[in-house]
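Below: the structure, in structure tokens.
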């Protein structure tokens, strides 16, 4: 996933499985994995659709994907729920 992020000029911020952060790993990371994980990618600013399409193309060469959500920030505040362990 990091390679896909690099190809699309974005950063892989975290990966969760069943709501628990598994990447980046910390000393408290418990790996209880399933076949489905959630990856959160971020850019240095607003990601436009062309960057997202490039990311999808890069991820598709490395893993299956099934769902995308664009997360928004309004007035400097996240308009989404942060994952467990996300800063």
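Tabulated data for the structure shown
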{"item": "Only listed residue being within 14 Å of the chain's Cα centre (by Cα) and modelled with pLDDT under 90, chosen from 34, 81", "result": "81"}
{"item": "Long-range neighbours under 7 Å by Cβ, at least six apart or interchain, first residue under 16 Å from residue 74 (Cα atoms) within the range 33-45, second assigned to a strand (DSSP E or B)", "result": "42/11; 42/13"}
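Yes or no, residue by residue, for (1) at pLDDT 85 or above; (2) under 14 Å from the mean Cα position of the chain (by Cα):
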residue: 6; (1), (2): yes, yes
residue: 30; (1), (2): no, no
residue: 69; (1), (2): yes, yes
residue: 77; (1), (2): yes, no
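The values are calculated or read from the model by the stated rules, or taken from the named source; none is laboratory data. If you're wondering where the values come from, they're calculated on a predicted model, not measured in any experiment. In this analysis, Cβ positions are derived from the backbone assuming ideal geometry, glycine residues included, and neighbour counts consider all displayed protein chains.
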